[in-house]
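So the structure is just underneath, and the comments pick up after that.
The values are calculated or read from the model by the stated rules, or taken from the named source; none is laboratory data. A quick note: this is a predicted structure, and the numbers were derived from the prediction, not measured. Note that each Cβ is placed from the backbone with ideal geometry, even for glycine, and that neighbours are counted across all protein chains shown.
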Amino acid sequence: MRKLMVRWIKRSLLAFGLFMLIMLFFPTWTPAIQGEKSISLLTQLKINGAGHEVMIRGVDRSNPILLVVHGGPGCSEIPYVRKYQQELEKQYTVVHYDQRGSGKSYHFNEDYSSLTTDILVDDLLALTDEVMQMLDQPKVLLMGHSFGTYIGMKAAAKAPEKYYAYIGVGQVANTIESELDSLDYTIEQARLAGNEQDAMQLEQLRGLIEIGESYTPRNMVRKYGGAARLIDDNQDYFEGFLLNSEYNGLDVIRYLRGIMVTQKLLLKQEAESNLPVLVKELELPVYFVMGAYDYMTSVQSARNYFDQLEAPHKSFVVFEYSAHYPHFEEKERFLSWLNETVTPSVIVPYE
């Protein structure tokens with residue numbers, strides 16, 4: 001009996017080891033899209049000397065390009081984003097990429113200690129050129145999300161001729177101002193919920209936040225509904241890592257390692273060089289899209305920046321039911337807004 005048990009344990013351990021190897025190294029892909037003109041591509045492109053993971057999906061490759069700059073820093077959306085863009089892919093060619101040092105663009109043999117936001121901006125501009133050439137299109141719609149708005153706005157300011165328009169979703173602005181809004185919100189919500197202990201712990205951070213040395217804890221912002229209202233963003237990552245084909249187990253390790261290595265470094269640069277100081281004017285149409293309950297990047301802080309920003313055309317849009325992910329939480333409304341407001345205004349007149 002004991003020999004049978006030992007044999008069963010060995011076989012179980014072997015099976016588990018094989019399963020883990022498969023999970024770590026299985027080939028990754030993005031599912032095909034039907035149609036003669038469709039494109040569904042997941043590949044590594046060499047951009048400014050570094051390997052960048054790029055996912056391009058669309059029913060018709062001649063549709064306008066929507067190039068998305070993810071946030072975090074380090075939080076690629078490739079692992080899960082397909083669930084939110086099925087309808088978008090019918091009318092746009094949607095491009096996602098993992099920024100240098102993030103997700104599948106993190107390489108174990110590379111040194112990221114000197115990574116800067118300016119390097120990420122130059123990567124984005126080079127990727128834009130690559131995508132335009134690949135798809136034979138003259139310009140791109142540029143959309144940043146969260147920290148990606150910091151990179152996206154700097155790129156749009158540097159090379160406005162490459163883009164039809166800039167769309168900032170969960171737009172970052174003055175970091176301290178935004179964080180104080182987040183702090184006040186979470187304290188108020190904690191007290192309304194009867195959680196005085198949370199409120200007291202948060203209040204103790206005020207001094208550090210006021211001098212830019214701390215942030216409102218993101219677990220608290222999430223707990224009190226300032227991150228997402230209609231989706232579970234953490235669950236999206238878990239399901240994407242586990243069930244979707246774009247990432248394997250080794251890629252998950254890359255993702256986590258990239259955040260550990262680059263996030264603090266890049267956030268420090270953002271905090272020390274706020275966008276309202278760096279980018280005061282854009283020479284292209286500008287749209288800020290905010291969720292009414294967004295306290296990861298506060299609506300009021302974004303509004304203050306919007307009011308002082310100069311652009312040939314600008315629009316500030318608030319989605320009333322969502323928080324930091326209005327393009328996911330209210331995806332139908334976002335697509336309608338994009339089709340009815342942005343695309344006819346910025347693409348058709350210049351074609």
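Among residues of the stretch 149-177 being in a loop (DSSP other than H, G, I, E, B) and of a type in the set (Gly, Ala, Ser), the one that is nearest to Val69 (Cα to Cα) is Gly170. Condition first: surrounded by 17 or more Cβ atoms within 10 Å (Cβ to Cβ), out of contact with any strand residue (DSSP E or B) (no Cβ under 9 Å at 6 or more places or on another chain) and closer than 30 Å to Tyr106 by Cα. Can you find one or more residues in the stretch 299-315 that meet it? Within the stretch 299-315, none of the residues are surrounded by 17 or more Cβ atoms within 10 Å (Cβ to Cβ), out of contact with any strand residue (DSSP E or B) (no Cβ under 9 Å at 6 or more places or on another chain) and closer than 30 Å to Tyr106 by Cα. Within the stretch 234-284, take every residue that is surrounded by fewer than 14 Cβ atoms within 10 Å (Cβ to Cβ) and of a type in the set (Lys, Arg) and give me the one that is farthest from Ile211 (Cα to Cα). Of everything passing the filter in the stretch 234-284, Lys280 is farthest from Ile211 (Cα to Cα). Output yes when any residue across the stretch 111-118 is charged (D, E, K, R) and without any contact (Cβ under 8 Å) to a residue 12 or more places away in the chain, and no when none is. There is at least one residue in the stretch 111-118 that is charged (D, E, K, R) and without any contact (Cβ under 8 Å) to a residue 12 or more places away in the chain.
Here Ala292 fulfils each of the conditions (1) buried (at least 16 other Cβ atoms within 10 Å of the Cβ); (2) of a type outside the set (Lys, Arg); (3) within 30 Å of Val342 (Cβ to Cβ) apart from (1). Taking the stretch 97-110 as the region of interest, how many residues are touching a residue at least 60 places away in the same chain (Cβ under 8 Å), of a type outside the set (D, E, K, R) and surrounded by 24 or more Cβ atoms within 10 Å (Cβ to Cβ)? Number satisfying all stated conditions: 5. Taken over the stretch 129-156, the criterion of being polar (S, T, N, Q) and under 14 Å from Val94 (Cβ atoms) is satisfied by Gln137 alone. Screening Phe238 against (1) part of a helix (DSSP H, G or I); (2) at pLDDT 95 or above leaves a single unmet condition, (2).
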